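The values are calculated or read from the model by the stated rules, or taken from the named source; none is laboratory data. Predicted model, so just to flag it, every value in this text is computed and none were measured. Every residue, glycine as well, gets a Cβ built from its backbone with ideal geometry; the counts of neighbours run over all protein chains shown.
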Amino acid sequence: MENRDYIVLEDLYGAHNYHPLDVVITKARGIWMWDVEGKKYLDFLSAYSAVNQGHCHPRIVRALQKQAKKVTLTSRAFRNDQWPLLAKELCDLTGFDMVLPMNSGAEAVETALKIARKWAYQKKGVPQDQAEIIACANNFHGRTITIISFSTEPLYRRDFGPFTPGFKIIPFGDAAALEAAITPNTAAFLVEPIQAEAGILIPPDGFLKKAKEICEKNNVLFIADEIQTGLGRVGKLFACEYEGVKPDMMVIGKSLGGGCYAISAVLSRQEIMGVLKPGEHGSTFGGNPLACAVAREALRVIQDEKLVENAAEKGAYFLEKLKTLKSRHIKEVRGRGLLIGLELWPEAGGARRFCEELMKEGLLCKETHDHVIRFAPPLVITYRELDWAFKKIKKVFKRLEKS
């Protein structure tokens with residue numbers, strides 16, 4: 001079967017909730033992927049940063065295979081020998097006291113919201129069912145009903161109401177607006193340190209630090225969603241480290257599973273996470289031994305192969321190269337580490353057509369919010385491979401310069 005045959009089947013039998021590029025991947029290794037017709041591509045999306053360690057990393061695959069032969073699932077009705085080790089290793093790595101494991105990023109965000117509300121009622125004294133949580137405009141925290149309730153993207157909300165109450169929205173990066181929005185009933189402030197899905201939007205210098213100070217002053221929890229920015233993607237282990245901010249609660253996922261298995265987690269201090277009691281929250285697959293074994297090796301790979309440092313060095317190099325592009329279509333290039341956005345002017349005709357042309361050149365990336373191309377290769381990428389990618393990007397922009 002060729003690419004077109006699979007595309008026809010998917011469009012016929014699969015729900016149309018995505019608009020993928022028309023390439024059908026059958027194999028991947030490191031930064032490279034191959035379609036069913038044998039064509040080779042450089043992955044410049046990393047499954048939305050879930051493949052920081054590269055595709056099918058041999059160490060992570062071996063850990064998965066080894067654990068899969070022993071036990072894959074016990075549920076949390078019983079204990080297993082992998083979850084306690086992952087919990088300790090995550091706490092040692094991050095400096096938090098406790099971890100709660102889930103499967104997807106959206107599940108972890110929902111978990112953090114539940115904990116924040118429970119903390120507000122039990123510790124802060126907020127009247128029952130009156131807790132408020134503040135989020136930022138243009139946020140992306142997931143797709144559940146509650147999470148889209150505080151999205152500002154009409155496409156994510158249309159025809160999905162009624163929505164969950166209890167949320168306020170402020171402009172991203174506006175510390176004064178945060179302070180003004182806080183009331184005695186405010187439980188938490190939820191923020192992405194860099195808004196990736198919104199187009200790689202970086203807040204003004206000092207915003208995160210100021211926001212944390214405001215939260216501390218008002219006894220409000222500072223929750224950082226580091227699902228996409230965390231575990232090395234932006235050239236620090238976590239994006240909050242750029243301003244020396246330690247969140248009260250942090251949500252991680254994506255590359256925690258090394259691109260091999262879904263796992264996410266919420267990290268916090270004991271006095272916050274400790275509000276949960278048996279039976280109040282859970283997940284059948286959360287903390288399963290297969291996911292935990294994979295995550296343990298995924299974390300070791302990040303550290304052993306110095307992927308955080310590689311993201312910082314290669315990201316700075318590639319960002320400077322991109323800024324040398326001369327095109328009337330380019331509005332701005334911005335990013336941190338290997339999370340880079342190339343924003344186009346509206347007159348450029350949308351980022352989708354550029355991504356389709358790059359695909360023809362063997363480079364796979366994806367548009368976000370119509371006018372931004374996101375560049376986010378696996379963190380194992382080399383200078384030589386970045387140079388190869390840059391030549392392809394330069395070639396496409398030259399070809400589309402007059403159109």
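Consider Glu110 against the criteria (1) without any contact (Cβ under 8 Å) to a residue 60 or more places away in the chain; (2) closer than 25 Å to Glu305 by Cβ; (3) surrounded by 21 or more Cβ atoms within 10 Å (Cβ to Cβ): it satisfies all of them except one. Which criterion is unmet?
Failing condition for Glu110: (2).
Could you run through the stretch 26-50 and say how many residues are in contact with a helix residue (DSSP H, G or I) (Cβ under 7 Å, 6 or more places away or on another chain) and of a type in the set (A, V, I, L, M)?
4
Identify all residues within the stretch 231-252 that are part of a loop (DSSP other than H, G, I, E, B) and in contact with a Cys (Cβ under 9 Å, 6 or more places away or on another chain); write none if there are none.
Lys246, Pro247, Asp248, listed by residue number.
Looking only at the stretch 135-174, count how many residues are surrounded by fewer than 16 Cβ atoms within 10 Å (Cβ to Cβ) and among the acidic types (Asp, Glu).
Result for the stretch 135-174: 2.
From the list Val234, Val266, Val251, Val220, exactly one residue is crowded, with 24+ Cβ neighbours inside 10 Å, farther than 25 Å from Ala376 by Cα and touching a strand residue (DSSP E or B) at 6+ places or on another chain (Cβ under 9 Å). Which is it? Break it down into steps so the answer makes sense when it comes.
Details: Val234 fails: farther than 25 Å from Ala376 by Cα; Val266 fails: farther than 25 Å from Ala376 by Cα; Val251 fails: farther than 25 Å from Ala376 by Cα.
Matching residue, one of Val234, Val266, Val251, Val220: Val220.
Given the criteria modelled with pLDDT of 95 or more, within 30 Å of Phe285 (Cβ to Cβ), among the acidic types (Asp, Glu) and touching a strand residue (DSSP E or B) at 6+ places or on another chain (Cβ under 8 Å), does Glu89 qualify?
So Glu89 fails the test.
Only residues that are aliphatic (A, V, I, L, M) and part of a helix (DSSP H, G or I): list them for the stretch 345-403, please. Give the steps one after another, and end with the answer.
Our first condition is that a residue be aliphatic (A, V, I, L, M); within the stretch 345-403, this holds for 348, 351, 358-359, 363-364, 372-373, 376, 379-381, 386, 389, 393, 396, 400.
Hits for the stretch 345-403 are Ala348, Ala351, Leu358, Met359, Leu386, Ala389, Ile393, Val396.
Please go through the stretch 267-282 and give me each residue that is out of contact with any Asp or Glu (no Cβ under 7 Å at 6 or more places or on another chain), farther than 19 Å from Glu226 by Cα and in contact (Cβ under 8 Å) with a residue 24 or more places away in the chain, ordered by number.
Within the stretch 267-282, Glu271, Gly274, Val275, Leu276, Glu280, His281, Gly282 qualify.
Could you check Lys360 against (1) over 24 Å from Val24 (Cα atoms); (2) more than 26 Å from the chain's Cα centre (by Cα) and say which number it fails?
Only one criterion is unmet by Lys360, namely (1).
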